[in-house]
1. Keeping to region 54-77, report how many residues are over 27 Å from Ser6 (Cα atoms) and open to solvent by 90 Å² or more (accessible area, probe 1.4 Å).
2. Can we say Lys45 is of a type in the set (Lys, Arg), at pLDDT below 85 and open to solvent by 60 Å² or more (accessible area, probe 1.4 Å)?
3. Taking interchain pairs and intrachain pairs at least six residues apart, which have beta carbon atoms under 8 angstrom, with the first residue in region 16-27 and among the small types (Gly, Ala, Ser) and open to solvent by less than 100 Å² (accessible area, probe 1.4 Å) and the second part of a helix (DSSP H, G or I) and at pLDDT below 70?
4. Within region 6-14, is there a residue that is surrounded by 13 or more Cβ atoms within 10 Å (Cβ to Cβ), among the β-branched types (Val, Ile, Thr), modelled with pLDDT of 80 or more and more than 30 Å from Lys65 (Cβ to Cβ)?
Amino acid sequence: MENNYSYAEFLKAVGKSSTSLQAERLLNDIYMDLFLNHIHREQTKKRLLRLIDLALDEKDEYAFKTLTDELMRLEEN
């Protein structure tokens, strides 16, 4: 899901005098990708938090450590 759009790519699309439709599509793709990444990240975070709570309830130290490490990696990005 990770697309790396470059500023040069966007300028190239905008710079074409024949149509701005290509630039608009690229911008829409960028916004859609950002939105989907945000939603995916939030759902992953909620899932991890639920699993961490469950690990605490069950006193599962290994699962707690593994899940909190994964949550910390998610938060770093």
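1. The first filter runs over region 54-77 and keeps only residues over 27 Å from Ser6 (Cα atoms), leaving 54-72.
Filter once more, so that each one left must be open to solvent by 90 Å² or more (accessible area, probe 1.4 Å): 56-59, 61-62, 65, 72.
So the answer is 8.
2. Working: of a type in the set (Lys, Arg): yes; at pLDDT below 85: no; open to solvent by 60 Å² or more (accessible area, probe 1.4 Å): yes.
No, not satisfied.
3. Matching pairs, first to second residue: Ser20/Val14; Ala23/Phe10; Ala23/Ala13; Ala23/Val14.
4. No, that holds for no residue.
The values are calculated or read from the model by the stated rules, or taken from the named source; none is laboratory data. It should be emphasised that the depicted structure is a prediction, and the values quoted were computed from it without experimental measurement. We place every Cβ from the backbone using ideal geometry, glycine too, and count neighbours over all the protein chains shown. With ligands, DNA and RNA removed, areas are computed over all heavy atoms of the protein, side chains included. Shrake-Rupley method; radii C 1.70, N 1.55, O 1.52, S 1.80 Å.
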